[in-house]
Structures are given as structure tokens and as C-alpha cells.
Amino acid sequence: LDCRPANITILVQMNLRLVQKRKSPIPRVSDDDAAGLADIFRLLGDPSRLRILLACLGAPTSVGEIASRVGLSGSLVSHHLRLLRAARLVRARRDGKQVFYDGADEHVRCVIADMIVHAGEARDEDED
């Protein structure tokens with residue numbers, strides 16, 4: 001993906017260290033929780049939304065800057081950010097008239113970093 005934040009490499013490296021230390025079992029998930037989790041993954045299945053999330057993971061970023069990075073209109077970015085915010089994947093902070101968006105928490109960063117590493121592994125295995 002061409003719109004990764006400048007420090008995505010650092011996030012991936014940090015995540016690799018966390019994954020190596022983290023060996024806890026996956027918790028059980030109720031049917032309702034599984035449906036909610038599927039909704040989140042479905043939301044991230046839209047390439048524009050994923051690029052928007054990636055654009056604001058590095059640091060709080062304004063709608064205008066996100067729109068510029070991903071090549072979409074500000075109104076479309078705002079629409080996607082509303083959905084991402086409702087799913088608690090991003091958080092907003094108002095500074096005067098401008099709103100800055102950032103990843104909601106470390107869990108979001110870890111999930112995205114894990115998937116980037118996973119996608120890279122799949123490509124590497126395909127090349128062998």
C-alpha cells in the first residue's frame with residue numbers, strides 16, 4: 001500500500017517483538033461478538049477505508065491531510081472516518097475548527113501491523 005504512514009515500519013517491527021512475546025490463547029467468542037468482529041473486518045475490507053486508517057495511524061492527522069494522502073475528496077474521507085469512528089477504530093480530537101484523527105488504541109495498530117506482516121509473508125511464500 002502506497003499511503004503507509006512514515007513510521008509504519010517501526011510499528012511493524014514493534015509488533016513483531018510483541019507477537020514473539022505474546023503466546024496467550026485466543027479467547028472464546030460468542031455468536032454476537034463474532035458478528036461484531038466480522039462487521040469490523042468487513043468495514044476494513046474497503047480499500048479506501050483501509051488506506052484512510054493507515055494514513056492516520058502514525059499521528060493525529062486532519063481530514064484534509066488524509067484526503068490528500070489517499071487521493072479522495074474531503075467529504076468522502078469524512079464519511080469513511082465517521083464509519084471508522086463508529087467502529088471505534090479511530091478517535092477524533094478537535095483543535096479549534098479542525099478535527100484530527102488517530103488510531104483508537106494500540107490494539108488497532110497491532111491488528112493492522114499484524115495483517116501487513118501476514119500479507120508480506122504470503123507474498124514471500126508465493127515467490128518461493
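What follows is calculated from the coordinates using simple rules that are stated; it is not laboratory data. Worth saying up front: this structure is predicted, and the values here are computed from it rather than measured. All Cβ positions, even for glycine, are placed from backbone atoms using ideal geometry, and neighbour counts span all protein chains on display.
Between amide H atoms placed 1.01 Å from N, distances below 5 Å from Ala92 occur with no residue 5 or more places distant or on a separate chain. Evaluating 6.51 cos²θ - 1.76 cosθ + 1.60 at θ = phi - 60° for every residue in segment 69-81, the Karplus couplings come out as 5, 9, x, 10, 6, x, 5, 5, 4, 4, 4, 5, 5 Hz, glycine and proline recorded as x. With a cut-off of 15 Å between beta carbons, the residues surrounding Gly45 carry a summed charge of +1, where Lys and Arg count +1 and Asp and Glu -1.
Could you tally the net charge around Val108, taking each other residue with its Cβ under 14 Å from the Cβ of Val108, Lys/Arg +1 and Asp/Glu -1? Intermediate results must be reported in sequence, preceding the final value.
On the way: positive: Arg49, Arg85, Arg88, Arg91, Arg109; negative: Asp102, Asp105, Glu106, Asp114.
Residues near Val108 contribute +1 overall.
Across segment 58-65, coupling constants 3J(HN,Hα) worked out from phi with the 6.51/-1.76/1.60 Karplus curve, θ = phi - 60°, read x, 6, x, 9, 6, 4, x, 5 Hz, and Gly and Pro carry x.
Of all alpha-carbon pairs in segment 66-106, indicate the percentage at a distance above 17 angstrom.
On the way: 250 of 820 pairs.
Tail fraction, whole percent: 30.
First select every other residue whose beta carbon is under 10 angstrom from the beta carbon of Ala92; then total the charges, Lys and Arg +1, Asp and Glu -1.
Values: positive: Arg82, Arg85, Arg91, Arg93, Arg94; negative: Asp102.
Charge balance in the 10 Å sphere: +4.
Computed on the Cα trace of segment 36-128, the radius of gyration divided by the Kirkwood hydrodynamic radius gives Rg/Rh = 1.01.
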